[in-house]
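The values are calculated or read from the model by the stated rules, or taken from the named source; none is laboratory data. Computed from a prediction, not measured in an experiment: that's the story for all the values here. Neighbour counts are summed over all protein chains in view; Cβ atoms, including those assigned to glycine, are modelled from backbone coordinates with ideal geometry.
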Amino acid sequence: MYVTETRNTILNSINKYFYKTMHQELVTLRQRVHQLEKALSSASRSIKEQYALWINFRQTEQALRESQHQFSFLVQRHPLAVIRWNTAFEVTDWNPAAEAIFGYSRCEVLGKHGAELVPENAREQVNQILTALLGKNGGIRSTNENLTKDGKIITCQWYNIALVDLKGKVTGAISMVEDITVRKEMELALSRNEARYKKLVANIPGTIYQFRLEPDGTPSFTSGILILKKIQY
């Protein structure tokens, strides 16, 4: 009888020990599972956030590429010469219209200083414009003589703007150039013709009438000037 009670006591002790041990291990395991679940959830959120950031980066990168392509497309097909400079006023970009005006190909002019496009007598004026442009104090628009590859002097209208980074620091400049040589020659010829006309009118004896043409086609005289001067040669 004593042996049986002792055996039962030992078995009960063993059962309690194993139960307590198993319970503790089960609690520890549940805590570990909970920690792992939290870590997995956090990792999952982190992966999702990183993926979202990566998608956003790719979309921004694609938008930037498209914007650069559109800008390049515009520059290459712009009817005006488009020239990009660094802060030393060396050419960094040169479109086909610039090649047509100045005669230099893009490969020939990249890295060249802008002074090569300006005759000696116009360089002081151009240097003042460039200084103002770098200082963001002006230099937006200018008209001056320029030199082509074959040494021909032309007159160009320049539209200049400084390029700045996000901190406001000047990183270079971009210019749009229009060859106005023919227009200037026509204006000069017109001015000379007007001067000749005024001299001719001033030396014609007689009366000069000014009239306008009415909508029905009949002339309407507005004034008459009596001139009795002799022709002067």
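What to note about this one:
- Single match in Gln62, Gln76 (criterion: in a helix (DSSP H, G or I) and closer than 30 Å to Gly111 by Cβ): Gln76
Conditions (1) of a type outside the set (A, V, I, L, M); (2) farther than 26 Å from Thr171 by Cα; (3) at pLDDT 90 or above; (4) touching a Phe, Trp or Tyr at 6+ places or on another chain (Cβ under 7 Å), marked per residue:
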| site | (1), (2), (3), (4) |
| --- | --- |
| Phe57 | yes, no, no, no |
| Gln70 | yes, no, no, no |
| Ile101 | no, no, yes, no |
| Lys112 | yes, no, yes, no |
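- Inside the stretch 183-197, residues that are of a type in the set (A, V, I, L, M, F, W, C) and touching a strand residue (DSSP E or B) at 6+ places or on another chain (Cβ under 6 Å) make up a count of 0.
- Among the residues listed as Gly111, Gly151, the single one being touching a strand residue (DSSP E or B) at 6+ places or on another chain (Cβ under 6 Å), surrounded by fewer than 12 Cβ atoms within 10 Å (Cβ to Cβ) and not aliphatic (A, V, I, L, M): Gly111
- Here the stretch 81-121 is the region considered, the condition is being within 17 Å of the chain's Cα centre (by Cα) and part of a loop (DSSP other than H, G, I, E, B), and the residue that is nearest to Met176 (Cα to Cα) is Asn95.
- Each residue in the stretch 171-188 was checked for being surrounded by 15 or more Cβ atoms within 10 Å (Cβ to Cβ) and within 13 Å of the chain's Cα centre (by Cα), and 5 of them qualify.
- The stretch 117-137, residues that are touching a helix residue (DSSP H, G or I) at 6+ places or on another chain (Cβ under 9 Å) and over 11 Å from Phe89 (Cα atoms): Leu117, Val118, Arg123, Val126, Asn137
- Identity of the residue in the stretch 147-166, of a type in the set (S, T, N, Q) and not in a loop (DSSP other than H, G, I, E, B), that ends up farthest from Leu134 (Cα to Cα): Thr155
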